[in-house]
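Please treat every number below as a calculation from the coordinates, not as lab data. Bear in mind the structure is a predicted one, so any value in this text is a computation, not a measurement. Cβ coordinates were reconstructed from backbone atoms using ideal geometry, including for glycine residues, and neighbour counts include every protein chain displayed.
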Amino acid sequence: MKDLEAVAALHDPVRRALYEFVAAAGHDVGRNEAAEGVGVSRTLAAFHLDKLAEVGLLETGFARLTGIRPGPGAGRPAKVYRRGRTTRYVAVPERDYQELASVLAEVVHGLDADDRAIAAAARAGEKLHKPGGWLATLRDRGYEPYEQDAVVRLRNCPFQQVAEEQPLLVCSMNLALCQGIAGDDVTAELDPRPGECCVSFSKNKSR
């Protein structure tokens with residue numbers, strides 16, 4: 001029920017826009033930045049940001065955003081927001097594919113079939129490949145790609161829970177899947193960063 005309430009909170013277009021802005025920011029976001037980012041007043045932004053925090057879609061904290069050094073006269077810390085770490089699932093009627101994925105990953109690893117699973121992931125990625133459209137495919141599949149210093153990184157891992165249980169297997173399969181999606185456009189490599197997907201992409205030097 002809590003997951004349904006959280007997802008329902010995104011029905012409001014302003015609230016959804018604020019959530020997407022904070023999620024894509026990659027850093028703690030203050031109320032002024034969020035308001036300017038989606039084109040609403042600070043008061044309205046604060047109202048909706050706090051509603052998103054109430055249902056767990058955002059987490060809150062406090063930080064000084066003015067650049068003034070700490071100490072007397074530095075001013076009060078401002079309330080900031082970041083995307084919540086809890087994954088939300090909504091299925092009507094209830095379905096639990098996550099548990100099945102965890103069991104299958106454990107079986108594959110136990111049978112020493114990692115190489116076969118990785119090869120299967122590569123084939124699955126190749127089926128999803130669209131020349132020149134790999135970024136759109138990654139977005140559609142929830143990876144949330146963004147570019148930083150000529151490298152495309154993925155802000156979200158769609159397989160996070162299973163990856164935490166079987167990191168070597170799942171991350172290797174994810175790498176193969178992503179390379180298949182990208183094709184020859186770029187090179188995918190394991191490049192883990194806290195809170196993000198373990199894969200990044202760089203342009204092939206020959207292109």
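Structure data summary
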item	result
Computed FRET value (nearest 0.05) for PHE62 with ALA24, which takes r as the C-beta separation and R₀ as 22 Å	0.50
Potential lengthening between GLU147 and LYS203 on full extension [0.36 nm per residue; Cα-Cα distance subtracted]	19.0 nm
Under-30-angstrom lysine pairs by C-alpha in the chain, whenever the two are 8 or more apart or on separate chains	7
Expected-Rg normalisation [2.2 N^0.38 Å, Cα atoms] applied to the chain	1.19
Size of charge dipole - segment 166-207 - debye, nearest 20, with Cβ of Lys, Arg +1 and Asp, Glu -1, no other charges	120
Cα Rg, Dmax (largest Cα-Cα span) when computed across segment 84-170, Å	15.0, 44
Highest-first arrangement of 103-110, 26-33, where packing means the average Cβ count within 10 Å	26-33, 103-110
Paramagnetic reach from LYS127 in segment 161-181 [backbone N under 15 Å; point 7 Å along Cα→Cβ]	177-178, 180-181
Rounded, prolate or oblate (a/c below 1.5 giving rounded, otherwise prolate when a/b exceeds b/c) for segment 94-134 by Cα gyration tensor	oblate
